[in-house]
1. Tell me which helices (runs of 4 or more DSSP H) are completely within segment 34-139 and hold 1 or more residues being under 30 Å from residue 12 (Cβ atoms) and open to solvent by less than 70 Å² (accessible area, probe 1.4 Å), or say none if there are none.
2. Write out, first by first residue and then by second, each pair whose Cβ atoms fall under 8 Å of each other, whose residues are 6+ apart or on separate chains, and whose first residue, in segment 108-122, is without any contact (Cβ under 8 Å) to a residue 12 or more places away in the chain while the second is open to solvent by 50 Å² or more (accessible area, probe 1.4 Å).
3. Can you tell me which residue in segment 59-107 is farthest from residue 119 (Cα to Cα), limited to those that are in contact (Cβ under 8 Å) with a residue 60 or more places away in the chain and of a type in the set (A, V, I, L, M, F, W, C)?
4. Just checking, which of 19, 4, 26 is touching a residue at least 60 places away in the same chain (Cβ under 8 Å), over 30 Å from residue 134 (Cβ atoms) and basic (Lys, Arg)?
5. Can you give me the number of residues within segment 1-13 that are farther than 15 Å from residue 82 by Cα, touching a helix residue (DSSP H, G or I) at 6+ places or on another chain (Cβ under 9 Å) and either open to solvent by less than 50 Å² (accessible area, probe 1.4 Å) or part of a loop (DSSP other than H, G, I, E, B) (or both)?
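The values are calculated or read from the model by the stated rules, or taken from the named source; none is laboratory data. Predicted, not measured: the structure shown is a model, and the values here were computed from it. Ideal geometry is used to build each Cβ from the backbone, glycine not excepted, and the neighbour counts take in all protein chains shown. Areas reflect the complete protein model, heavy atoms only, side chains present, ligands, DNA and RNA absent. Shrake-Rupley method; radii C 1.70, N 1.55, O 1.52, S 1.80 Å.
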Amino acid sequence: AGVRGIRDLARRGVQFVNRQRGAGTRVWLDAQLKLTGIAAEDIAGYDSEVTTHAEIARAIVEGRANAGLGIETAAIPYGLGFVPLIVEPYHLIVPEKSWALAPVQRMVGWVASDDGRSAIAALGGYEMGESGKTEWIED
């Protein structure tokens, strides 16, 4: 479909598959459409909704669509092209009372380790620059 960005979704020949209302991906898309002045009605398939990133990829593989917003790890197993549009940070939040628990410490240690970082990076689509960083948030 030659989609390189949000504006391309309104192009003739692009058949889109969307995430369901309330999904973070859909909220982000709707905000981008508003910023770029693109009406949802101008996107073929905007009302075609699925509930997971994997369903987006499957719809494209099955030919029901030729574009959708999802994470790279959903595109990789299907051999689909992927155009990154945004880097979204993910944070693991642990209550202070649970921080000292052995399973939590093992998990945090693994995420910060070379093995953990390599395993996560191998999934595709994850930027590991701040992996393992600890930040305390005070009330």
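1. 53-61, 72-75
2. Close Cβ pairs satisfying both conditions: 120/126.
3. Out of the qualifying residues, it is 67.
4. Within the list 19, 4, 26, the selection yields 4.
5. The total comes to 1.
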